[in-house]
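What follows is a set of notes on a single structure, which appears directly below.
The values are calculated or read from the model by the stated rules, or taken from the named source; none is laboratory data. Predicted model, so just to flag it, every value in this text is computed and none were measured. Backbone-built Cβ (ideal geometry, glycine too); neighbour counts: all protein chains shown. For accessibility, only protein heavy atoms count, side chains too; no ligands or nucleic acids. Shrake-Rupley method; radii C 1.70, N 1.55, O 1.52, S 1.80 Å.
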Amino acid sequence: MLSTASPDANLTHRRLLDAAFRVCAKRGLHAATTREIADAARVNEVTLFRHFGSKEKLIAALLERSVAAQAESLSDAEPDANDLSRDLERYARRFNQMLFEHEPLIRTLIGEARRQPEAARQVISDAAKPMRQRLIDYLRAAQKAGSVRRDLKLAPAVDAFTGMLLAGMLRRTSVGKSLDYSQDVFVASVVELFLRGITASKPARKPSRRK
């Protein structure tokens, strides 16, 4: 179904989402108010409620947009199972880029986990699910092809892989100037460590019999 919203309405919608991102990143999801978000978007509160109905629906729309952006950022990083090292490095670089682009919101969600653990956990889980499942499906196919260990538990392995990248982003955005290695070197090291842990061992060749 085609959208019947006017260009001005679409622009206001985007401005409200952009303002919600800035205010929530600064104040937190719980502390941010609809008045602050409306002021940041340079509209009145009535306009905010006309577009979204409630603060909860606005936050849901913000997170939905964030997830869509994450999926789009990884859309051409789809592993093709031909080269495990190349595919994982491409995926890791796109995932890392997404982390840096969404750093304020990610830090906000981490902070909310202390104040509202159940709600924050659900939000983080929903946001991470599409990318997590994509990598799990790829590694499952690689297991069947014999390039990934058959005994590997895929879900915790993927969480360890993306968790290293997340930790790297948080560290670099906190004390980046004191690090003596580049972001590219870090990502390559994460991929190398992961590969060493998941790659299936090649069967030893049997010695040829002498006639």
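Any residue at all in segment 43-60 that's at pLDDT 80 or above, in a helix (DSSP H, G or I) and touching a Lys or Arg at 6+ places or on another chain (Cβ under 6 Å)? Yes, segment 43-60 contains at least one residue that is at pLDDT 80 or above, in a helix (DSSP H, G or I) and touching a Lys or Arg at 6+ places or on another chain (Cβ under 6 Å).
Among the residues making up segment 198-211, those that are at pLDDT below 90 and hydrophobic (A, V, I, L, M, F, W, C) are ALA200, ALA204. Here the condition is being open to solvent by 60 Å² or more (accessible area, probe 1.4 Å), modelled with pLDDT of 80 or more, assigned to a helix (DSSP H, G or I) and under 15 Å from THR162 (Cα atoms); of ARG86, ARG134, it holds for ARG134 alone. Could you grab me the full set of residues in segment 65-83 that are among the charged types (D, E, K, R), modelled with pLDDT of 60 or more and touching a helix residue (DSSP H, G or I) at 6+ places or on another chain (Cβ under 9 Å)? Once the filter is applied, which keeps residues that are among the charged types (D, E, K, R), modelled with pLDDT of 60 or more and touching a helix residue (DSSP H, G or I) at 6+ places or on another chain (Cβ under 9 Å), segment 65-83 yields only ARG65. Among residues of segment 164-188 that are closer than 21 Å to GLU89 by Cβ, those with a beta-carbon under 7 Å from a residue that is aliphatic (A, V, I, L, M) and not in a helix (DSSP H, G or I) at least six positions away or on a different chain give the pairs ARG172/LEU179. Take the conditions at pLDDT below 90, loosely packed, with under 12 Cβ neighbours inside 10 Å and farther than 19 Å from ARG93 by Cβ and apply them to LYS144. Does it pass? No. Within segment 5-26, is there a residue that is open to solvent by less than 30 Å² (accessible area, probe 1.4 Å), more than 23 Å from LYS129 (Cβ to Cβ), at pLDDT 85 or above and assigned to a loop (DSSP other than H, G, I, E, B)? No; the residues of segment 5-26 include none that is open to solvent by less than 30 Å² (accessible area, probe 1.4 Å), more than 23 Å from LYS129 (Cβ to Cβ), at pLDDT 85 or above and assigned to a loop (DSSP other than H, G, I, E, B).
What residue, among those in segment 159-197 that are modelled with pLDDT under 95, in contact with a helix residue (DSSP H, G or I) (Cβ under 8 Å, 6 or more places away or on another chain) and β-branched (Val, Ile, Thr), is most open to solvent (accessible area, probe 1.4 Å)? It comes out as THR173.
For beta carbons closer than 8 Å, sequence separation of 6+ or different chains, a first residue in segment 34-52 that is over 18 Å from ASN10 (Cβ atoms) and a second that is of a type in the set (Phe, Trp, Tyr), the qualifying pairs are THR34/PHE49.
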